[in-house]
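Colleague: Sending over a structure as structure tokens; questions will come in a sec.
What follows is calculated from the coordinates using simple rules that are stated; it is not laboratory data. None of these values were measured; they are calculated from a predicted model. Positions of Cβ are generated from backbone atoms using ideal geometry, with glycine treated the same way; all protein chains shown enter the neighbour counts.
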Amino acid sequence: MFRFVAALCVGLIGAPLAQAEKVDLLITNATLVTMDGSRQVIDQGVVAIRDRLIVKVGGPALAADYEPERLIDAGGDIVMPGMINLHNHISMVAFRGLGEYEVENLLFDVMFPLEKELLNRQLIRVSARQSAIELAMGGVTSFADMYYHEDEVAIAVKDVGLRGVLGQTVIGFPVVDSPKPYGGLAYAEDFIRKYQGDELITPAIAPHAPYTVDKEQLLAAKAISDQYDVPMLMHLVEFPNEYEMVLERHPDMANYRSEISYLDQIGFLGPKLLAAHVLYLDDADMDLLKARGVGVSHNPKANSKGASGISPAWEMMKKGLDIGLGTDGPMSSNQMDILTVMHYVASVARLRLMDATPYTPLELVEMATIGGAQALDRGDDLGSLEAGKLADLIIIDRDAPNMQPGYDVYAAIAFGAYPGNVETTIVNGQVVMHDRMIETVDLAAHEAEWTEVKSRVEAFAKTLEGGIR
Ligand SMILES: [Zn+2]
């Protein structure tokens with residue numbers, strides 16, 4: 001009643017109800033795919049953004065409440081949460097396209113020799129910048145990475161303005177950032193201390209895999225993750241012969257029914273763990289991962305290209321595990337966008353089950369956005385467009401021929417969209433790309449550094465059997 005009277009009085013003297021509120025960015029006229037709790041889609045929707053946050057989301061009437069620094073009229077295009085890529089090694093883009101011709105073991109025959117010869121801080125930083133630009137242009141706003149010298153990756157990712165969960169690798173042999181095995185443990189601790197609390201970078205620790213890391217060091221990595229409350233990233237049950245590979249380093253595992261039950265028994269599994277691939281597991285293993293709150297990155301494109309197998313991701317999703325999507329590094333699945341991964345998720349599962357019903361388009365878009373956020377334990381601040389959440393969002397061209405007629409917006413996104421249809425990418429309230437133009441990076445300066453990296457890699461690859469055809 002009070003409200004009514006007050007409004008009436010103001011109405012009588014003809015003054016506006018309230019002064020327009022200042023915001024940094026206002027997006028209007030959007031087909032707003034919110035991915036909120038009720039999966040609301042709003043026609044002619046409006047999003048108001050101030051500082052790093054979404055201030056409000058609503059219908060067309062909302063626009064009059066705000067006075068924006070910058071206005072983007074979406075012209076009816078799709079505005080949705082930025083996509084989350086849960087598994088990558090972005091600096092490996094310098095090696096993309098090498099070892100594509102009948103190489104039996106890509107990891108050991110091509111990747112490791114390339115890394116041994118060529119990796120240094122500069123290659124890692126410049127390549128990470130190249131990939132971060134590509135990720136932004138394909139609609140990925142957050143990604144998880146596992147590599148070496150993650151402090152260099154962090155610099156590049158902040159240059160471009162993406163959100164990165166960056167896992168410093170721990171591995172049981174000498175590598176570029178550590179002359180001794182397991183130097184990654186100390187490196188990770190320094191990196192975590194340096195970047196804890198950063199707006200864009202979530203530092204993390206990444207024991208490479210149980211077949212390259214001993215029990216003691218797996219548990220040391222877990223202790224660091226617990227102590228600093230940071231994510232732990234790892235490859236898990238990725239290969240058909242992985243059990244035998246792991247057994248060589250972990251003879252104790254013979255006493256347990258599976259790799260996952262062994263890792264649980266030694267106290268390694270927990271909610272901070274984000275496991276990548278996750279192909280070879282049974283029902284009881286899935287229950288264990290769920291009970292321990294382990295997040296899963298499903299990477300069907302890399303798994304099929306590398307012939308490593310087919311994940312029972314559909315069963316994991318139906319059991320309620322926290323599962324999202326990843327690509328793996330650019331040597332494994334080449335492209336780094338999540339739009340094309342959604343298509344694989346459904347196609348691979350349907351072929352495996354010979355059943356065309358698994359995965360609705362909505363479920364696929366969930367895995368690409370809010371599912372990824374939950375797998376990272378970031379469901380509270382990422383993955384949907386809601387007031388109070390971080391302003392990470394993208395605009396997809398709804399008029400592109402391949403997006404037509406677009407009766408169902410989720411089907412158009414999951415099965416129709418190409419990464420090139422992403423017009424605008426906004427991360428942490430900052431416009432990273434608009435109208436397909438990157439706004440954050442000096443592209444000419446970057447291009448000069450990238451050209452130098454490429455020529456160094458090409459010269460060495462020519463000397464490597466199976467490097468370039
Ligand atoms: Zn990987």
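Colleague: Read phi for every residue in region 27-44 and hand back ³J(HN,Hα) as whole Hz from Karplus 6.51 cos²θ - 1.76 cosθ + 1.60, θ = phi - 60°, with x for Gly and Pro.
Modeller: 10, 10, 6, 9, 8, 8, 9, 6, 6, 6, x, 9, 6, 5, 10, 10, 6, 6
Colleague: Karplus couplings for region 81-93 from phi (6.51 cos²θ - 1.76 cosθ + 1.60, θ = phi - 60°), rounded to Hz, Gly and Pro as x?
Modeller: x, x, 7, 10, 9, 7, 8, 7, 9, 5, 5, 6, 4
Colleague: If I take every Cα pair under 8 Å that is 6 or more residues apart in region 83-375, average their sequence separation and divide by the length, what percent do I get for the relative contact order? Working shown, then result.
Modeller: Details: 576 pairs, mean separation 56.3, N = 293.
The normalised contact order for region 83-375 reaches 19 percent.
Colleague: Apply the Debye scattering formula to region 421-469, with a single equal point scatterer on each alpha-carbon and no solvent, then give log10 I(q)/I(0) at q = 0.15, 0.20, 0.27, 0.32 Å⁻¹.
Modeller: -0.62, -0.73, -0.93, -1.08
Colleague: Check each of the chymotrypsin sites (Phe, Trp or Tyr not before Pro) in region 381-469 and keep only those in coil by DSSP with at most 14 other C-beta atoms within 10 angstrom; list them in order.
Modeller: Details: sites: TYR407, TYR410, PHE415, TRP450, PHE460; in loops: TYR407.
Listed in order of number, the matching sites are TYR407.
Colleague: I would also like to ask the following. Quick query: amide H of ALA387 versus all other amide H atoms, modeled in the peptide plane; which residues come in under 5 Å with a sequence gap of 5 or more or a different chain?
Modeller: VAL57
Colleague: Which pairs in the list LYS272/LYS389; LYS180/LYS215; LYS301/LYS462; LYS22/LYS194; LYS194/LYS454 are over 24 Å apart, alpha-carbon to alpha-carbon? Working shown, then result.
Modeller: Numbers: LYS272/LYS389 21 Å; LYS180/LYS215 17 Å; LYS301/LYS462 27 Å; LYS22/LYS194 34 Å; LYS194/LYS454 30 Å.
Pairs exceeding the cut-off: LYS301/LYS462; LYS22/LYS194; LYS194/LYS454.
Colleague: Tell me, what are the semi-axes, in whole angstrom and largest first, of the equivalent ellipsoid of the chain as set by the roots of 5 times the Cα gyration tensor eigenvalues? If you can, show how the numbers build up before the last one.
Modeller: Details: eigenvalues 313, 122, 98 Å².
Each semi-axis is √(5λ); the values are 40, 25, 22 Å.
Colleague: Net charge near ASN255: determine it from the other residues with C-beta under 14 Å of the C-beta of ASN255, scoring Lys and Arg +1 and Asp and Glu -1.
Modeller: Numbers: positive: LYS215, ARG257; negative: ASP252, GLU259, ASP264.
Residues close to ASN255 contribute a combined charge of -1.
Colleague: Using the Karplus equation 6.51 cos²θ - 1.76 cosθ + 1.60 (θ = phi - 60°), what ³J(HN,Hα) coupling, rounded to whole Hz, does each residue of region 412-428 give in order, writing x for Gly and Pro?
Modeller: 5, 5, 6, 10, x, 7, 9, x, x, 7, 6, 8, 9, 10, 10, 10, 6
Colleague: Report the normalised scattering of region 250-371 as log10 I(q)/I(0) at q = 0.10, 0.14, 0.20, 0.21 Å⁻¹, calculated by the Debye formula with identical scatterers on the alpha carbons.
Modeller: Rounded to two decimals, the profile gives -0.31, -0.60, -1.14, -1.22.
Colleague: A follow-up question, please. Which loop chymotrypsin sites (Phe, Trp or Tyr not before Pro) in region 87-139, with loop taken from DSSP, have no more than 16 other Cβ atoms within 10 angstrom of their Cβ?
Modeller: Values: sites: PHE95, TYR101, PHE108; in loops: TYR101.
Taking region 87-139 and a limit of 16 other Cβ atoms within 10 Å, the loop chymotrypsin sites (Phe, Trp or Tyr not before Pro) found are TYR101.
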